[in-house]
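One structure is given below, encoded as structure tokens.
The values are calculated or read from the model by the stated rules, or taken from the named source; none is laboratory data. Just so it is clear, the structure is predicted and the values come from calculations on it, not from any experiment. Counting neighbours? That spans all protein chains shown, and the Cβs are built from the backbone with ideal geometry, glycine included.
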């Protein structure tokens with residue numbers, strides 16, 4: 001009798017996981033954020049106490065207390081004007097980002113296919129990604145005019161390289177055995193992309209989309225701050241207007257709105273990417 | 001039935017009664033050029049008849065996997081010809097299940113890529129999963145299955161390709177002993193039931209004797225057929241039976257001589 005026989009069966013049972021209720025899942029998602037907000041507010045209040053109340057280095061109207069800013073924020077959220085700002089800004093973001101999504105994805109797929117393109121364009125993409133997109137504004141204004149398309153162009157240039165890089169890193173990280181399996185199963189041409197390449201690259205692609213969004217959002221705010229936008233006003237324009245009027249309550253209220261929108265969109269990407277990883281068994285459920 | 005021949009020399013058709021379902025003639029595979037050149041296989045002749053279970057054993061680096069890749073058409077031989085009568089399916093060492101698909105979808109994909117229409121795929125997938133004893137686990141994803149179960153899904157997927165020749169590259173190497181023994185029974189049952197032709201590569205001599213109608217020993221660097229032994233023991237065999245042990249010991253000696261000669 002060999003020692004093998006004494007090995008207990010540990011392998012042939014399915015892995016079990018306890019499911020969590022939706023309520024506890026939402027709470028698990030919410031409480032760290034509430035805690036982070038509480039920490040920020042506490043630090044802000046402390047800074048306010050030091051600068052304004054105790055030392056008097058700054059007057060109250062220059063550095064309002066968090067309570068003042070928050071009440072200003074609530075007041076602003078109640079106005080239709082605020083929602084017009086948000087709508088304008090989001091429309092610009094969506095247009096610029098959608099074009100970036102299309103171009104970035106196509107460029108990424110094309111570059112991944114060819115070694116020569118890979119060597120040349122690959123480093124160019126990384127270069128573009130590290131280049132602050134605000135540096136494109138003078139160029140965009142001259143070429144596109146002092147209007148919406150200048151903003152769209154810069155948002156596009158901000159987001160597309162990250163998206164293309166997401167495609168490239170996604171394709172680079174496909175385990176070679178999946179490609180070999182595709183060969184063995186006879187997946188060629190479009191079928192190979194549809195059933196093997198695209199699903200396998202998704203996690204990295206979604207990271208690229210998320211990063212692309214972050215760059216798009218920054219570029220958009222920079223553009224609006226520069227006042228490129230002409231007639232319709234967005235959040236960045238509102239920020240600029242508040243600065244001109246020395247209305248610090250409103251300025252901070254707009255900043256809070258910009259932060260919240262950024263976090264919400266990031267939350268969408270995080271939940272997509274979390275779902276992908278969970279279904280593939282890449283996360284550890286606790 | 002299709003006859004596919006690939007090789008460096010013009011294809012030769014084999015035919016007539018009792019013809020081999022798989023035939024390698026003078027197959028040589030060289031990797032690299034000049035000084036960096038490695039001869040993985042040299043002048044390999046192998047004839048496998050329909051319904052045979054052939055196990056291939058050799059020291060690591062003897063070109064076992066290269067041989068399977070050549071038969072599967074993933075690589076081309078440098079010299080010689082390979083004739084396969086029918087389709088070839090490949091079962092890897094790693095189950096290689098796509099993690100974004102369930103067990104059912106993994107099997108279904110093979111059918112789909114083979115051009116089976118949707119209406120017929122559902123029932124076929126179910127039959128295959130039941131054939132490998134995975135009924136009830138169809139909607140699990142690979143990470144929710146144990147190693148043995150994953151390898152069963154992989155087996156179901158191989159069977160979905162409806163191939164006449166099934167190549168297995170050490171498919172059970174990563175399993176624990178008990179799961180592996182169970183898989184031996186399963187593979188043997190399915191092989192008999194479906195009348196498959198199997199070429200099974202392993203480095204475990206007892207496993208080779210347990211499963212094979214024939215055990216082919218490959219020498220290393222360059223890989224050649226050193227010995228081709230018929231195993232006439234009654235089935236089903238047991239890995240730890242005395243007969244299997246005796247045959248395995250004898251073959252291991254033959255292989256050790258080869259390794260010693262090679263090293264010396």
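Of the residues making up the stretch B:86-108, those that are over 19 Å from the mean Cα position of the chain (by Cα) and part of a helix (DSSP H, G or I) are B:103, B:104, B:105, B:106, B:108. All of B:165, B:225 fail the test of being touching a residue at least 60 places away in the same chain (Cβ under 8 Å), within 13 Å of the chain's Cα centre (by Cα) and away from every other protein chain (no Cβ under 12 Å), apart from B:165. Can you name the helices (runs of 4 or more DSSP H) wholly within the stretch A:111-221 that have at least 2 residues being within 14 Å of another protein chain (Cβ to nearest Cβ) and crowded, with 20+ Cβ neighbours inside 10 Å? Result: A:176-185. Answer yes or no: is there a residue in the stretch A:258-272 that is more than 19 Å from the chain's Cα centre (by Cα), more than 14 Å from every other protein chain (Cβ to nearest Cβ) and in contact (Cβ under 8 Å) with a residue 24 or more places away in the chain. No, the stretch A:258-272 has no match at all.
It is to be established whether one or more residues within the stretch A:10-26 are within 14 Å of chain B (Cβ to nearest Cβ), surrounded by 14 or more Cβ atoms within 10 Å (Cβ to Cβ) and at pLDDT below 90. Yes. Quick one: is residue A:41 over 29 Å from residue A:274 (Cβ atoms), modelled with pLDDT of 75 or more and not assigned by TED's automatic domain parsing to the domain that holds residue A:250? Answer is no for this residue. Here residue B:110 passes the criteria (1) touching a strand residue (DSSP E or B) at 6+ places or on another chain (Cβ under 6 Å); (2) over 21 Å from residue B:173 (Cβ atoms) except the one numbered (1).
Checking B:144, B:170, B:117 one by one, the residue that is more than 10 Å from chain A (Cβ to nearest Cβ), surrounded by fewer than 24 Cβ atoms within 10 Å (Cβ to Cβ) and farther than 29 Å from residue B:70 by Cβ is B:117 and no other. Per the listing B:94, B:35, B:85, the residue uniquely out of contact with any helix residue (DSSP H, G or I) (no Cβ under 7 Å at 6 or more places or on another chain) and either within 14 Å of chain A (Cβ to nearest Cβ) or without any contact (Cβ under 8 Å) to a residue 40 or more places away in the chain (or both) is B:35.
For residues that are crowded, with 16+ Cβ neighbours inside 10 Å and under 23 Å from residue B:191 (Cα atoms), scanning just the stretch B:71-81, find the one that is farthest from the other protein chains (Cβ to nearest Cβ). Out of the qualifying residues, it is B:71.
In this structure, residue B:122 does satisfy being at pLDDT 85 or above and more than 14 Å from chain A (Cβ to nearest Cβ). Looking across the stretch B:176-208, the residues that are more than 14 Å from chain A (Cβ to nearest Cβ), surrounded by 19 or more Cβ atoms within 10 Å (Cβ to Cβ) and either free of Cβ contacts under 8 Å to residues at least 24 places away in the same chain or within 12 Å of residue B:56 (Cα to Cα) (or both) come down to B:198, B:199, B:200, B:201, B:202, B:208. Answer with yes or no whether residue B:70 is touching a residue at least 40 places away in the same chain (Cβ under 8 Å) and not in a loop (DSSP other than H, G, I, E, B). So residue B:70 fits the description; yes. For the stretch B:126-145, the condition holds for no residue, the condition being that it is in a strand (DSSP E or B) and within 29 Å of residue B:57 (Cα to Cα). On the basis of being out of contact with any helix residue (DSSP H, G or I) (no Cβ under 9 Å at 6 or more places or on another chain), in the same structural domain as residue B:41 (by TED's automatic domain parsing) and within 26 Å of residue B:69 (Cβ to Cβ), does residue B:180 make the cut? So residue B:180 fails the test. On inspection, residue B:111 fails the criterion of being under 17 Å from residue B:193 (Cα atoms), part of a helix (DSSP H, G or I) and touching a residue at least 24 places away in the same chain (Cβ under 8 Å). Within the stretch A:254-273, can one find any residue that is crowded, with 19+ Cβ neighbours inside 10 Å and farther than 30 Å from residue A:26 by Cβ? No - not one qualifying residue is present in the stretch A:254-273.
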